[in-house]
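Shown next, in structure tokens, is the structure this report addresses.
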Amino acid sequence: MGLKRLVLGLSTFVIGSAISMAVYAQGNPRYIRFAGVPSAVKGALFTSDAPQKPPHVAILVMHRASNFLNTLACPELSKRGFLVLCMNPRSDNNEALVRWETIPIDVKAGVEFLKKQPGITKVLLWGFSGGGPTMTFYQNVAENGVAVCQGAKKLVQCGNELAGLPKADGLILVDAHPGNPANGIRSINPAVLDDGRPDLLDPELDPFNPKNGYNSNGPSTFSESFKKKYFRAQAERMNRLIDKALAIQRLMKDGKYAYPDDDVFLIVRGDGGRLMQLDPSIHESTEKPQKLIKNDGTVVTGIVKSVRVANPNSARQNGTFENGTRFLTVKSFLSANAVRGSDSMDGIDHCSSNNSPPCHLPTITVPTLVTAMGGHYFIRDNEIHYELSGAKDKDFVVVEGAEHGQTPCVACETTPGQYGNSVKNFYDYVRDWINKRF
């Protein structure tokens, strides 16, 4: 997350460069523009360079805000015989512009485009990282209607323009996180005493205080009592921020605020406070035996433990403006970055936000593949996604030693090349899962 500067879109040069790089990697991407959505919504269509039978399965790849025109999935999936549309949403590279409840309209443009392509009979949604919340939100509304994103419990309501979204035929979650709001509540530093003085911290809640278990040279070890207090305090700070944002909106509505529409909303020390990045014992493994793709390509079943390493450098990140402060607006905070809760790990009220796979997955019924990367900290979260999924046809697998972006976690290795096959193993597994069903 960190500071997101206002960027209004990619230049033609950047788009061209991204597509050129993809050509040399794999695939034959074609730049796509879409009617009926803002001009920032754009795509690159990838097909395989190798002569083979025309694809009948298409895959849509998109995030919440990141540039996905040339993300790894685009060439890797296309060279395995699929038609792949990699898209950027209207909030392209700009977290402050995110209006979460409009993103399904952008996804819809991609789904409709793929359904019109010659020979395509099935369209699958690819939810990598923040794309997981994007695609679960879309598919839940498509399957069950706008009622799932409306109601008194929601911090922000979706509009009726989301009615009638065309359904996808399958869902693939790739180390999907449990929602930007869940990430946010787990990343804020609850030791902040005054938002105007982020340098002043409550020492009893400071995650970077050695007396609380912090280790600046390696993995930290926090006591159960500290973790319980810290997770509760994170939720309490998030709730206070929500109350502040809602109060500003009420003043705007009543004409008593400086602006009638929106305003900057800074969250000081809003990033870098995630305890599981300091203490790898937090969410360190699956709770039940699950499948693991070993580096040699074999699949074994057992309790799967993350091989990630600690990141004590988040102490420096958290205290800076550039990387520790979240630069949002009142609207983007409430829409895509806020969630109620009593505990940042086990007490999140996921359905208070529409940006939440745990809220959407129980009522999604299409075949679903949930995957997690063994060198990252979302293993347990994705096991929860799998457990919550309402699909009768569902699968869960962890990729040994892969970092969040599916590439080998070199820092996690004890011998050189220990996890060197992570990309091939992962995409081959996905290919076989798709071909078996569709």
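Among the listed residues 200, 205, which satisfies the condition of being of a type in the set (A, V, I, L, M) and exposed (fewer than 14 other Cβ atoms within 10 Å of the Cβ)?
200
Among all residues of the stretch 164-183, there is at least one that is over 21 Å from the mean Cα position of the chain (by Cα) and surrounded by 19 or more Cβ atoms within 10 Å (Cβ to Cβ).
Scanning the stretch 382-438 for residues that are charged (D, E, K, R), in a helix (DSSP H, G or I) and open to solvent by 10 Å² or more (accessible area, probe 1.4 Å) gives 387, 424, 428, 431, 432, 436, 437.
Looking at the stretch 48-144, what helices (runs of 4 or more DSSP H) fall wholly within it and have at least 1 residues that are under 19 Å from residue 360 (Cβ atoms)? Full working, then the answer.
Values: elements: 73-78, 103-115, 131-144.
Where helices (runs of 4 or more DSSP H) fall fully within the stretch 48-144 and carry at least 1 residues being under 19 Å from residue 360 (Cβ atoms), they are 103-115, 131-144.
For the stretch 33-52, the candidate set comprises residues that are within 25 Å of residue 434 (Cα to Cα) and at pLDDT 90 or above; within that set, the residue that is most open to solvent (accessible area, probe 1.4 Å) is 47. Residues of the stretch 286-299 that are among the small types (Gly, Ala, Ser) and buried (at least 16 other Cβ atoms within 10 Å of the Cβ): none at all.
Residue check: residue 340 meets all listed conditions (1) surrounded by fewer than 18 Cβ atoms within 10 Å (Cβ to Cβ); (2) out of contact with any Phe, Trp or Tyr (no Cβ under 8 Å at 6 or more places or on another chain); (3) not small (Gly, Ala, Ser) but one, namely (1).
Considering only the stretch 219-232, state which residues are in a helix (DSSP H, G or I) and open to solvent by 20 Å² or more (accessible area, probe 1.4 Å). Result: 224, 225, 227, 228, 229, 231, 232.
If I go through the stretch 409-436 residue by residue, how many of them are within 30 Å of residue 366 (Cα to Cα) and touching a strand residue (DSSP E or B) at 6+ places or on another chain (Cβ under 7 Å)? Number satisfying all stated conditions: 7. When residue 152 is tested against the conditions (1) in contact (Cβ under 8 Å) with a residue 12 or more places away in the chain; (2) under 25 Å from residue 342 (Cα atoms); (3) assigned to a loop (DSSP other than H, G, I, E, B), the lone failure is (1). Looking at (1) under 30 Å from residue 299 (Cα atoms); (2) under 16 Å from the mean Cα position of the chain (by Cα), find the lone condition where residue 345 falls short. Against the list (1) under 30 Å from residue 299 (Cα atoms); (2) under 16 Å from the mean Cα position of the chain (by Cα), residue 345 comes up short only on (2). Taking the stretch 291-378 as the region of interest, the strands (runs of 3 or more DSSP E) fully inside it that hold 1 or more residues being touching a residue at least 40 places away in the same chain (Cβ under 8 Å) and of a type outside the set (A, V, I, L, M, F, W, C) are 326-329, 341-343, 368-373. If you go through the stretch 401-423 and keep only what is within 18 Å of residue 76 (Cβ to Cβ) and of a type in the set (Asp, Glu), you end up with just 403. For the stretch 89-108, the count of residues that are polar (S, T, N, Q), surrounded by 23 or more Cβ atoms within 10 Å (Cβ to Cβ) and either over 28 Å from residue 158 (Cβ atoms) or more than 18 Å from the chain's Cα centre (by Cα) (or both) is zero. Once the stretch 53-64 is narrowed to residues that are under 17 Å from residue 176 (Cα atoms) and either among the polar types (S, T, N, Q) or open to solvent by less than 10 Å² (accessible area, probe 1.4 Å) (or both), the residue that is nearest to the chain's Cα centre (by Cα) is 62. Scan 247, 235, 258 and give me the residue that is of a type outside the set (Asp, Glu), outside any loop (DSSP other than H, G, I, E, B) and surrounded by fewer than 14 Cβ atoms within 10 Å (Cβ to Cβ). Of 247, 235, 258, the one residue that is of a type outside the set (Asp, Glu), outside any loop (DSSP other than H, G, I, E, B) and surrounded by fewer than 14 Cβ atoms within 10 Å (Cβ to Cβ) is 247.
Has the stretch 195-218 got at least one residue that is in a helix (DSSP H, G or I), in contact (Cβ under 8 Å) with a residue 12 or more places away in the chain and closer than 22 Å to residue 377 by Cα? Yes: one or more hits. Any residue at all in the stretch 110-121 that's aliphatic (A, V, I, L, M) and surrounded by fewer than 20 Cβ atoms within 10 Å (Cβ to Cβ)? Scanning the stretch 110-121, I find at least one residue that is aliphatic (A, V, I, L, M) and surrounded by fewer than 20 Cβ atoms within 10 Å (Cβ to Cβ), so the answer is yes.
Scan the stretch 301-309 and give yes if some residue there is under 21 Å from residue 189 (Cα atoms) and either in contact with a helix residue (DSSP H, G or I) (Cβ under 7 Å, 6 or more places away or on another chain) or open to solvent by less than 60 Å² (accessible area, probe 1.4 Å) (or both), otherwise no. Looking for residues that are under 21 Å from residue 189 (Cα atoms) and either in contact with a helix residue (DSSP H, G or I) (Cβ under 7 Å, 6 or more places away or on another chain) or open to solvent by less than 60 Å² (accessible area, probe 1.4 Å) (or both), one finds at least one in the stretch 301-309, hence yes.
Out of all the residues in the stretch 139-158, is one or more in contact with a strand residue (DSSP E or B) (Cβ under 7 Å, 6 or more places away or on another chain) and open to solvent by less than 40 Å² (accessible area, probe 1.4 Å)? Within the stretch 139-158, one or more residues are in contact with a strand residue (DSSP E or B) (Cβ under 7 Å, 6 or more places away or on another chain) and open to solvent by less than 40 Å² (accessible area, probe 1.4 Å).
The values are calculated or read from the model by the stated rules, or taken from the named source; none is laboratory data. None of the values given here were measured: they were computed from a predicted structure. In this analysis, Cβ positions are derived from the backbone assuming ideal geometry, glycine residues included, and neighbour counts consider all displayed protein chains. Calculation scope for accessible area: heavy atoms of the full protein, side chains included, ligands and nucleic acids excluded. Shrake-Rupley method; radii C 1.70, N 1.55, O 1.52, S 1.80 Å.
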